[in-house]
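A short worksheet on the structure shown next.
Nothing in this text is a laboratory measurement; each read-out follows from the coordinates by a stated rule. Please read these numbers as outputs of a predicted model, since none were measured by experiment. FYI the Cβ positions are ideal-geometry reconstructions off the backbone, even for glycines, and counts take in every protein chain you see.
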Amino acid sequence: MTSQKTILRALAGETLPTPPIWMMRQAGRYLPEYRATRAKAGDFLSLCYNPELASEVTLQPIRRYGFDASILFADILLVPQALGADLWFVTGEGPRLSTITSQAELDALKPADDIHEHLAPVYETVGILAKELPDETTLIGFAGAPWTVATYMIAGKGTPDQGPAHGLKADNRTVFDGLMERITEATITYLNAQIEAGAEVVKLFDSWAGSLQGADFERYSIAPMREIVRGVKAVNPNTPIIAFPRGAGERYKGIHAAIGADCIAFDDGVSAEWVAENLQPDGCVQGNLASSHMVTGGDALVSETRRIVDALSNGPHIFNLGHGITPDADPANVQLMIDTVRGK
Ligand code: CP3
């Protein structure tokens with residue numbers, strides 16, 4: 001029975017004696033077995049589009065640690081690529097894309113409904129995982145939120161301040177809004193296809209939400225995520241949705257209802273105590289250990305982990321990091337965190 005899965009119970013609003021646990025970027029370069037499979041695939045994108053190897057790396061942290069959830073191995077930038085953008089990864093630097101800054105470039109993108117042929121290997125990975133995962137492990141699918149995806153499509157790479165996207169928003173609102181709309185539509189159809197293939201929960205990553213100021217935060221982070229939640233729930237009303245508007249700070253307050261999400265993931269910019277008071281009364285929360293503890297370990301890892309678990313023990317909580325684990329993390333520290341959460 002899926003309702004016995006701890007992650008699904010927490011997402012439904014249940015307060016559990018021990019919070020279920022998973023970790024952003026749990027399949028990644030800090031694991032030697034990931035590096036070996038990635039070398040076999042050749043490069044990161046070939047790994048994402050190889051269902052056999054992508055499902056293998058998704059399963060690796062489940063086998064090693066027994067996390068309560070598994071997250072599909074893919075990337076938020078596969079959607080721009082499916083829409084027709086060029087995408088490649090430069091080792092040691094990160095993603096590169098062909099840019100969208102004009103009406104002509106926007107018009108040259110594919111319609112949102114045409115992404116499925118390109119993304120078929122991702123759906124196949126989801127299908128393999130739905131079969132292979134242990135009964136108690138929840139399968140999470142995901143996509144980037146429109147603002148975050150747009151920042152990469154406009155700049156053609158990651159940027160420290162999302163300057164090019166803010167620039168296009170100021171200089172050519174028509175193109176900017178058209179791009180946001182295209183990404184929003186594609187994301188709805190993409191997430192619904194992941195659910196059809198076997199994803200039990202979906203998560204929206206708005207990694208750069210924090211750089212939206214004033215009315216832009218509601219208009220370009222919250223409203224597009226609300227539209228996606230509506231579009232997914234219209235087809236899959238029973239699939240829980242986690243939203244991660246990273247860096248929202250005090251704007252996290254009231255955000256469950258604003259987005260319509262079942263769970264809000266929060267970064268380490270707000271304290272678990274603040275979240276217990278201001279956010280958790282509205283529904284499940286997920287977070288927020290600083291990922292640097294996975295590098296440094298020791299007593300500080302243990303005491304911070306305990307503090308977060310205690311602070312959020314009176315409501316629905318999924319334990320996670322505040323952001324993805326980094327390649328320099330020590331796999332032994334991940335085990336120490338899990339043992340601490342589970343009281344071992
Ligand atoms: O969490 C997981 O384990 C699932 C897989 C996953 C990846 N990326 C794999 C990945 C997920 C959910 C993502 C999301 C993602 N991708 C985000 C949103 C979350 C966040 O971290 O803020 C963003 C902004 C991206 C775009 C992206 N992908 C960047 C900027 C980079 C380069 C940075 C880096 O860490 O190298 C990637 C590459 C990437 N995506 C890796 C992994 C495991 C590293 C690739 C490698 O093996 O070299």
log₁₀ I(q)/I(0) of region 262-344 at q = 0.11, 0.13, 0.21, 0.23 Å⁻¹, via Debye over equal Cα point scatterers, no solvent, to two decimals? -0.26, -0.36, -0.91, -1.06
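Ignoring everything except DSSP H segments at least 4 long, calculate the 222 nm mean residue ellipticity for the chain; use -39,500 (n - 2.57) per segment, divide by total residues, nearest 500.
-14000 deg cm²/dmol
LEU8: net charge of surrounding residues, Cβ under 13 Å, Lys/Arg +1, Asp/Glu -1, itself excluded? Don't jump to the answer; show the numbers that get you there.
Working: positive: LYS5, ARG9; negative: GLU14, ASP68, ASP135, GLU136, GLU200, ASP262.
Within the 13 Å Cβ shell, the charges total -4.
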Sequence ranges 73-79, 202-208, ranked by mean other-Cβ count within 10 angstrom, highest first: 202-208, 73-79
What is the P(r) of region 181-337, as percent of Cα-Cα pairs per 5 Å bin from 0? 2, 9, 18, 19, 18, 15, 11, 6, 1, 0
If you average the alpha carbon positions of region 218-236 and of region 29-51, how far apart do those two centres end up, in angstrom? 32 Å
Region 101-165: D in µm²/s via Stokes-Einstein (Kirkwood Rh, Cα pairs, 10 °C, 1.306 mPa s)? 107 µm²/s
Per 20 angstrom bin, beginning at 0 and ending with the bin that holds the maximum distance, the Cα pairs of the chain fall in percents of 32, 62, 6
Given 10 °C and 1.306 mPa s, how large is the Stokes-Einstein diffusion coefficient of region 1-49 in µm²/s, with Rh as the Kirkwood radius over Cα pairs? 119 µm²/s
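In percent, how large is the relative contact order of region 1-150, given Cα pairs closer than 8 Å and 6 or more residues apart?
28 percent
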Hey, if you drop one equal point scatterer on each alpha-carbon of region 126-235 and run the Debye formula without solvent, what base-10 log of I(q)/I(0) do you get at q = 0.11 Å⁻¹? -0.39
By a straight-distance test (C-alpha under 30 Å), which lysines pair with LYS40 as possible cross-link partners, with residues fewer than eight away in the same chain excluded? LYS131, LYS157, LYS203
Among the Cys residues of the chain, which have no other cysteine Cβ under 4.7 angstrom away? CYS48
Taking just the C-alpha trace of region 197-281, give me its Rg and Dmax in Å. 12.7, 38
Separation of region 95-114 and region 53-91 by C-alpha centroid, Å? 22 Å
